[in-house]
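Have a look at the structure below, then the notes.
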Amino acid sequence: MTSKLARFLTAIPFVLSVAVLAQTANAADPLPSAPSAASSTIAMGTGSKLGTINVEQAIFASNEGQRDFEALSKKLEPKQNELKGQNDEVESLKKQLTDQGPKLNDDARGTLLKQIEQKQKSLERSVQDARDDAQNQQNEIAQRILQKMAPLIGKYAADNGFGIIVDTSSQWPNGPVFWQNGTVDITKPVVDAYNAQSGVAAPAARPAGATARPSGAASKPATKPATTPTTPPK
């Protein structure tokens, strides 16, 4: 539980709204709106080529994205520490129940069990609130960058003869692309163009394995504390 909790705020799933890209496109030629909010195929230009872009990767890989997500990670560190403290308190009470349970009378055991249950429920609520807040802040950053990146995607597509650009952020079967060899992917040139336009400097070199992007994302991070024991172990 402790290791999962420590990774909690950097393991928030990133929710990318293709609808935002479509809405942004309405005000920025040559990127017309997508056919529907649920579509991950973005119609562009009048060319004949089909291209792909990993919009989520482009956002995180941009200098601005790396800078802002790193800042968010640091901002959320106090909350991580607070949750870890709550979790440690629950685990300490559970250990107390395990060690002292056989020696306690029914009233004392019942009081301790109730205390564990109350604190565990409070921890679960705190974890859920923190997860929601962190995800909302992640999405705000991503959508802000996406709104500025969308016209660049349209311009690159029009300048290079693409008729359709498909977002590959979600892998098949959740996304539209079963397989690709990468030769039609425009993620890197779009990121390069966005970095040049934004004027945000590249972040300092990171230690091996470090990344500004939230890692270990899952649809539902396992952050719920273990079930409270109802009886002390024999």
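The values are calculated or read from the model by the stated rules, or taken from the named source; none is laboratory data. Note that the structure is a prediction, hence the values are computed from the model and not measured. Heads up, the Cβs are rebuilt from the backbone with ideal geometry, glycines too, and the neighbour counts pull from every protein chain shown.
Only one residue in ALA134, ALA142, ALA61 is in contact with a Phe, Trp or Tyr (Cβ under 8 Å, 6 or more places away or on another chain) and in contact (Cβ under 8 Å) with a residue 12 or more places away in the chain, so which one is that?
Unique residue meeting the criteria: ALA142.
Pick from SER92, SER170, SER73: which is of a type in the set (Ser, Thr, Tyr) and closer than 28 Å to SER48 by Cβ?
Answer to the check: SER170.
Tell me which residues, restricted to the range 72-99, are without any contact (Cβ under 8 Å) to a residue 12 or more places away in the chain and either among the aliphatic types (A, V, I, L, M) or over 23 Å from ASP132 (Cα atoms) (or both).
Those that are without any contact (Cβ under 8 Å) to a residue 12 or more places away in the chain and either among the aliphatic types (A, V, I, L, M) or over 23 Å from ASP132 (Cα atoms) (or both): SER92, LYS95, ASP99.
I'd like to check something: does the range 169-176 contain any residue that is among the aromatic types (Phe, Trp, Tyr) and surrounded by fewer than 18 Cβ atoms within 10 Å (Cβ to Cβ)?
Checked the range 169-176: at least one residue is among the aromatic types (Phe, Trp, Tyr) and surrounded by fewer than 18 Cβ atoms within 10 Å (Cβ to Cβ).
Going through the range 82-123 one residue at a time, which ones are among the hydrophobic types (A, V, I, L, M, F, W, C), in contact with a helix residue (DSSP H, G or I) (Cβ under 8 Å, 6 or more places away or on another chain) and either modelled with pLDDT of 95 or more or in a helix (DSSP H, G or I) (or both)?
LEU83, VAL90, LEU93, LEU97, LEU112, LEU113, ILE116, LEU123
Look at ARG131 and say whether it is more than 19 Å from ALA61 (Cα to Cα) and surrounded by 15 or more Cβ atoms within 10 Å (Cβ to Cβ). Give the derivation first.
Details: more than 19 Å from ALA61 (Cα to Cα): yes; surrounded by 15 or more Cβ atoms within 10 Å (Cβ to Cβ): yes.
In short, yes.
For the range 189-211, which positions are within 22 Å of the chain's Cα centre (by Cα) and at pLDDT 95 or above?
Once the filter is applied, which keeps residues that are within 22 Å of the chain's Cα centre (by Cα) and at pLDDT 95 or above, the range 189-211 yields VAL190, VAL191, TYR194, ASN195.
May I ask you to say which residue of LEU5, LEU50, LEU76 is modelled with pLDDT under 90 and surrounded by 13 or more Cβ atoms within 10 Å (Cβ to Cβ)?
Checking each option against the conditions leaves just LEU5.
Every residue in the range 156-193 that is in contact (Cβ under 8 Å) with a residue 60 or more places away in the chain and part of a loop (DSSP other than H, G, I, E, B), please.
Those that are in contact (Cβ under 8 Å) with a residue 60 or more places away in the chain and part of a loop (DSSP other than H, G, I, E, B): ASN160, GLY161, THR168, SER169, SER170, GLY175, PRO176, VAL177, GLN180, VAL184, ILE186.
Quick one: ALA196 ticks every box in (1) of a type in the set (A, V, I, L, M); (2) part of a helix (DSSP H, G or I); (3) surrounded by 16 or more Cβ atoms within 10 Å (Cβ to Cβ) except a single one, so which number is it?
(3) is the only condition that ALA196 fails.
Residues in the range 107-121: is at least one in contact (Cβ under 8 Å) with a residue 60 or more places away in the chain and under 30 Å from ALA202 (Cα atoms)?
Scanning the range 107-121 turns up no residue that is in contact (Cβ under 8 Å) with a residue 60 or more places away in the chain and under 30 Å from ALA202 (Cα atoms).
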